[in-house]
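First the structure, in the form of structure tokens, and then the observations on it.
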Amino acid sequence: MKVFFLNGQKYCSESNFTLLDLLNYFNYDLNIFVLEHNKLIRKKENWNQIKIKNNDTIEIITIVGGG
């Protein structure tokens, strides 16, 4: 079983999946945030290639407009 953290919350899974799979599972709007994976900003075009591993940390950083 693999353990990973999404926005500080602990999750467990036995499945193999990518960052994109995870984002789609949680129904995120893929156009309005930046994704940090293990303290690195990951480019959107690579999300479907990066597999979630044990103890990974993922942070969703939402872009907010305003003035």
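Laboratory data are not the source of any read-out in this text; all were calculated from the coordinates shown. Since this is a predicted model, take the numbers as computed values, not measurements. Ideal geometry is used to build each Cβ from the backbone, glycine not excepted, and the neighbour counts take in all protein chains shown.
Figures for the structure shown
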{"quantity": "Hits in segment 1-28 (condition: surrounded by 10 or more Cβ atoms within 10 Å (Cβ to Cβ) and among the charged types (D, E, K, R))", "calculated": "Lys2, Asp21"}
{"quantity": "Residue that is surrounded by the most Cβ atoms within 10 Å (Cβ to Cβ) [pool: residues in segment 29-42 that are within 24 Å of Met1 (Cα to Cα) and touching a helix residue (DSSP H, G or I) at 6+ places or on another chain (Cβ under 9 Å)]", "calculated": "Leu35"}
{"quantity": "Any hit, segment 43-62, residues being touching a Gly at 6+ places or on another chain (Cβ under 9 Å) and surrounded by 10 or more Cβ atoms within 10 Å (Cβ to Cβ)", "calculated": "yes"}
